[in-house]
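Here the structure comes first, spelled out in structure tokens, and everything after it is commentary.
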Amino acid sequence: MNSLEVAPVNWKSKAQEISFDVRPWINGRRIDASTSEHFATFNPANAVRLADLPACGTTEINAAVSAARAAFERGVWANLSPRARARILMNFADAIERNADELALLDTLEMGMPISSAAPDMRAAADAVRVAAEASDKLLDQVIPNDPSTLLLNLREPVGVVGAITPWNFPAYIGITKIAPALAVGNSVVLKPSEIASLSCLRLGELAAEAGIPDGVLNIVPGLGAGAGASLASHMDVDLLTFTGSTATGKRLIELSGQSNMKRLILECGGKSPQIVFADMEDLDAVAEAVVGSITFNSGQVCVAGSRLLVERSIHDLLVERVVTLASQIEAGNPLDETTNFGPLASREQHDRVRRYFAAGRDQGAVAVLPGGPTEGSDACYWMPTVFTNVGSDMQIAQEEIFGPVLSVFAFDDEIEAVRLANSTIYGLAASVWTRDLGRSLRLARAIKAGSVTIAGRPGETTHDATAGAFEPHGQSGMGIEGGLDGMRAMTRLKSVSLAG
Ligand code: NAD
């Protein structure tokens, strides 16, 4: 090894040595939760129990929101100049990057994402913080043209206390990408991570303190959805709730907002993203590779996973054959091996859910040309890729989000039918279009109801770009903008000021 090479990380021995702090982070320190109720997290690769976390509830959420409000009112963060906040957020990004291995390892242990994906994800998350920091003094306010007697201003202010509720599929990444824009514009934050994978998010408290983020500005409370989650969502002193998770929970949060203080909502929910392939594509191998990559990355547990493949009828069989060949070559492995690209599903519940959808597909008449399914004789949560053809557009596997490596294939005869099929679910998160006809690709990009459309690539490719990736879901995939400068503006409110001369 020469001096420029980085020593390989021995993830398995790191996993043996790692310790967990399960306590909530409130007002700049770890506190002991008041509750005696706990919930367990398990490693889905081997079913080993990892930790028991306190099932925090109203007491801890109240303490966290009070700390966040007090910090906001004191102005220790909100009243700093944007440049001063940016300097501290740059430190936070550096702290995330320095601790990327630990954060990635915690996610891999708790939800099974291969370390080969989790580790680069942490570096991307650190970059997302840097992007928010760099942009913090570039969201310019407006001076409105008027006659000289009055100066009219539109000023952007932080909303105050932001609640964040996050899922388990990219635990630290999504937590960080919620926190960064909220903090960059001056808000205080209370984060409630998923009960399936909370440990990496809990570590962010110490990293924020190390970076110089003042006490109370960032608080992190572990707990169950119906406990800590509902408490945060119905809190009278939370100004905005930013959520990523299922559509069912998103709908519940709308109710809780209405029943409490009408807090604003940003909801990034489920998807059933189509990958649409036209017969003019010559390199079907490349298409098949992208199609399989999209439905197997993170074992299909990705909101923008291309779970529906829509193929022009004349190339249906050719493309399906290539997709099945590639998908059947996927090998599952220990997520702690750097060579593993395909790990288990995140939990036993998720495994049961995929199993139920698999049975529904068969029962309703779809053909499992690649059955995939569970690896036998193990408590681990592996599910090998499944490909269904002959899928009717009213079947459950055509309409509902499975959140696993299960691909449903449909044939279409023309552009109009392709668009109709693409828009035939309650969702509208992402889509991809494969055609060599530029005019058609632009027509489809406009006609498809989705927040993000990729031409010749995987659905949702732009959404992981911290600078460019602003998007707004359609239908029951959610509401509100996340990502990019517009995602930062969504964490502010506009005030109109007039100043008579
Ligand atoms: P989930 O809705 O079950 O849980 C998400 C979070 O909501 C968790 O922290 C949970 O504790 C909390 N929660 C659950 N019930 C609650 C309640 N009544 N009140 C308050 N909080 C509550 O979702 P999940 O299974 O963790 O994640 C998978 C889902 O996330 C999928 O539907 C996926 O599409 C979606 N997702 C969407 C995006 C996006 O950007 N649109 C990104 C990633 C994941």
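Structure summary
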| read-out | value |
| --- | --- |
| Pairs of Cα atoms farther than 23 Å apart, the stretch 181-319, % | 53 |
| Cα radius of gyration and Dmax for the stretch 274-474 (Å) | 16.1, 52 |
| At q = 0.17, 0.19 Å⁻¹, base-10 log of I(q)/I(0) for the stretch 99-230 (Debye sum, equal scatterers on each alpha carbon) | -0.88, -1.05 |
| Ellipticity estimate at 222 nm from DSSP helix runs (n ≥ 4, -39,500 (n - 2.57)) divided over the chain, nearest 500 | -11500 deg cm²/dmol |
| Heavy-atom accessible surface of the chain: percent carbon and sulfur, 1.4 Å | 51 |
| Members of LYS272/LYS495; LYS138/LYS272; LYS14/LYS138; LYS178/LYS272; LYS12/LYS449; LYS12/LYS251 lying beyond 32 Å, as alpha-carbon distances in this model show | LYS272/LYS495; LYS138/LYS272; LYS14/LYS138; LYS12/LYS449; LYS12/LYS251 |
| Linear extension gain, ALA286 paired with ALA500, 0.36 nm per residue minus alpha-carbon span | 70.7 nm |
| Alpha-carbon gyration tensor eigenvalues x 5, square-rooted, for the chain, Å | 38, 29, 21 |
| Under the Karplus curve 6.51 cos²θ - 1.76 cosθ + 1.60, θ = phi - 60°, whole-Hz ³J(HN,Hα) for the stretch 95-102, x wherever Gly or Pro sits | 5, 5, 5, 4, 9, 4, 4, 5 |
| Separation of the ARG446 and GLU255 label points, Cα + 7 Å toward Cβ, nm | 4.0 |
| Gain on full stretching of the segment that runs from THR59 to GLN399 - 0.36 nm per residue minus C-alpha separation | 118.4 nm |
| Dipole of the chain, positive direction: furthest Cα of ILE96, ASN154, PHE358, with charges on the beta-carbon | ASN154 |
| Using alpha-carbon coordinates, inclination of helix 171-184 to the longest axis of the chain, degrees | 40 |
| Heavy-atom accessible area per residue - the chain, 1.4 Å, Å² | 41 |
| Under the Karplus curve 6.51 cos²θ - 1.76 cosθ + 1.60, θ = phi - 60°, whole-Hz ³J(HN,Hα) for the stretch 280-297, x wherever Gly or Pro sits | 7, 6, 8, 8, 5, 5, 5, 4, 4, 4, 5, 4, 5, x, 5, 9, 10, 4 |
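The values are calculated or read from the model by the stated rules, or taken from the named source; none is laboratory data. The structure displayed is predicted, hence computed values, not measured ones. Virtual Cβ from ideal backbone geometry, glycine too; neighbours counted across all protein chains shown. Please note that ligands, DNA and RNA were not included when accessible areas were found on the heavy atoms of the full protein model with its side chains. Shrake-Rupley method; radii C 1.70, N 1.55, O 1.52, S 1.80 Å.
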